[in-house]
Amino acid sequence: MRSLLLTWLISLGTIIATVRAASIPVLTPSQDSFYEPPPGYENTTVGTVLKIRKPPQRLRSIYFPINVKDSWQILVRSSDAKGKPTAIVSTIIEPYNADPKKLLSYQTAEDSASPNCAPSYAFLEGASMSTVVTQLEMLFIQGALDQGWFVVTPDYEGPRASFTVGLQAGHATLDSIRGALNSRNYTGIDEDVKIALWGFSGGSLASGWATALQPTYAKELKPYLIGVALGGFVTNITATAVSIEGSLFAGLTPGAIAGLCNEYPELMELVSSELMDKNSFETAFDGCLINTILHYTLKPIFSGANRYVKSGWKILQNPTVQQVIDANTLGLRKSQMPDIPLFVYHGTKDTIVPFKNSQQIYEKWCAAGIKSFEFAVDKTSGHISEFIIGSPAALAWLKRRFDGEEVVDGCQRTERVNNLEYPGTNTSIADFMSEAIISIFGGDIGPNGEKLAVENSSKGRTLVRRSDVDLSHLV
């Protein structure tokens, strides 16, 4: 299996290297006027579609364009963490043979404090490879599109790239759903559409906050919502910072601090005075996830003689810091409890987003009487492995929700060796690889189609059926 995976990755890398030179650069969000709201937008209601366009380049997964029926970018009126007017961009994708009564709100793990790492940009052919982690998530979005579901995926961090600001992320996610509903005349999404949410890691932060805020921020959406799937569930950003201190993923902490500073100017002033070197967080403010991970890997942010923050962990005791963190810690307020079915999948070996926090919020919300909370515990997976292993389980749960099957009544916690054992999950890694390869050849994404593929050659482009693509070397 390892040799199979290595062979597949080498083949994939070779193809990526070949097509990379052909990529067409696109404008970043900071350069693109589409991201700027029109004058007077503050007077419109949240969820109003301020602008709409077809993406300026084809959508893609990593460096390969995806073949979908249609797609749009919408600029939507929203509210920031403090309730002030803002505007966010969302991408709406229609697969072939789509069911207009099914819509998935998919939140990526953008995990960056730079506006130029937004998903709406990352998904465009020609976008910087620094957004590769977001591009990778298109593979999971493809899994949803292949069911015939419309997908809306927002730039939930907002125009300031407020990474880890749960209030901002929740508002933007809900308003992107409102925007998708308000785009019916363009997209054909049905007025009686059913909507589910999905997100892993940073995407779970946005999806989780949206679900928790919905009863108070977007009451009118309740009839549409059928459930949310949350993987590697981020509820407590302080716990994550403690867990990754000095590790390979230590860069998430400077990124989170930068994101909070982008939203809270009062925090920016404090952090600037606390840094040992005032320029040490430049990469955190300007880089995408892969940049910050590589730049700060194994570096201590709060501890040791070479730490970045002067007062170390004591900075968390500062009243300003405490106020900001408390406002963005999920589960502290009774009013912030989801009113739709939850499916949470998390690995007990997670050293990035501590498993104990998912366990704690499960116990807290269940004690408070949550209506439906299914907790799928993976006893062997860490954060990265659960991202791959748990996603088929999430997709299986979402399928059942869209099919109208009953959910857990109350709370149910189930332990498995790993979540590939979850009912309805396709455990074939070869199948997953096959789907990825098919998309490289331009196969139609969507159910029940001919799923033709486009083959490039020196003689031009010829159509080949999915069944004609030789995948025997993967089996």
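Being of a type in the set (Asp, Glu) and within 23 Å of residue 421 (Cβ to Cβ) narrows it down to one residue among 374, 363; which is it? Of the residues listed, the single one that is of a type in the set (Asp, Glu) and within 23 Å of residue 421 (Cβ to Cβ) is 374.
Within the range 228-239, can one find any residue that is among the aliphatic types (A, V, I, L, M) and more than 18 Å from the chain's Cα centre (by Cα)? Show your work before the answer.
Going through the range 228-239, the residues among the aliphatic types (A, V, I, L, M) turn out to be 228-230, 234, 237, 239.
Pick out the ones that are also more than 18 Å from the chain's Cα centre (by Cα) and you get 239.
Yes, the range 228-239 contains at least one residue that is among the aliphatic types (A, V, I, L, M) and more than 18 Å from the chain's Cα centre (by Cα).
When residue 115 is tested against (1) out of contact with any Cys (no Cβ under 9 Å at 6 or more places or on another chain); (2) under 27 Å from residue 37 (Cα atoms); (3) crowded, with 21+ Cβ neighbours inside 10 Å, just one condition goes unmet, and that condition is (3).
Name the residue that is nearest to the chain's Cα centre (by Cα), counting only residues in the range 75-101 that are farther than 18 Å from residue 173 by Cβ and surrounded by fewer than 24 Cβ atoms within 10 Å (Cβ to Cβ). So the residue we want is 94. Looking only at residues of the range 11-45 that are among the charged types (D, E, K, R) and more than 23 Å from the chain's Cα centre (by Cα), we find that the one that is modelled with the lowest pLDDT is 20. The number of residues in the range 111-122 being in contact with a helix residue (DSSP H, G or I) (Cβ under 6 Å, 6 or more places away or on another chain) and not in a helix (DSSP H, G or I) comes to 4. If you go through the range 389-409 one residue at a time, do you hit one that is farther than 24 Å from residue 102 by Cα and under 21 Å from the mean Cα position of the chain (by Cα)? Yes: one or more hits. Against the test of being more than 27 Å from residue 266 (Cβ to Cβ), aliphatic (A, V, I, L, M) and modelled with pLDDT of 95 or more, the options 151, 132 yield a single qualifying residue, 151.
Criterion applied to 424, 369 was being in contact with a helix residue (DSSP H, G or I) (Cβ under 6 Å, 6 or more places away or on another chain), at pLDDT 75 or above and surrounded by fewer than 16 Cβ atoms within 10 Å (Cβ to Cβ), and the one residue passing it is 424.
Scan the range 80-94 and give yes if some residue there is in contact with a Ser or Thr (Cβ under 8 Å, 6 or more places away or on another chain), among the β-branched types (Val, Ile, Thr), in a loop (DSSP other than H, G, I, E, B) and modelled with pLDDT of 95 or more, otherwise no. Walk me through how you get there before you give the answer.
Start the filter on the range 80-94 by keeping residues that are in contact with a Ser or Thr (Cβ under 8 Å, 6 or more places away or on another chain), which leaves 80-81, 85-94.
If we keep only those that are among the β-branched types (Val, Ile, Thr) too, we end up with 86, 88-89, 91-93.
Subset that is in a loop (DSSP other than H, G, I, E, B): none.
Scanning the range 80-94, I find no residue that is in contact with a Ser or Thr (Cβ under 8 Å, 6 or more places away or on another chain), among the β-branched types (Val, Ile, Thr), in a loop (DSSP other than H, G, I, E, B) and modelled with pLDDT of 95 or more, so the answer is no.
The values are calculated or read from the model by the stated rules, or taken from the named source; none is laboratory data. Here the structure is a predicted model, which means the values were calculated and not measured. Positions of Cβ are generated from backbone atoms using ideal geometry, with glycine treated the same way; all protein chains shown enter the neighbour counts.
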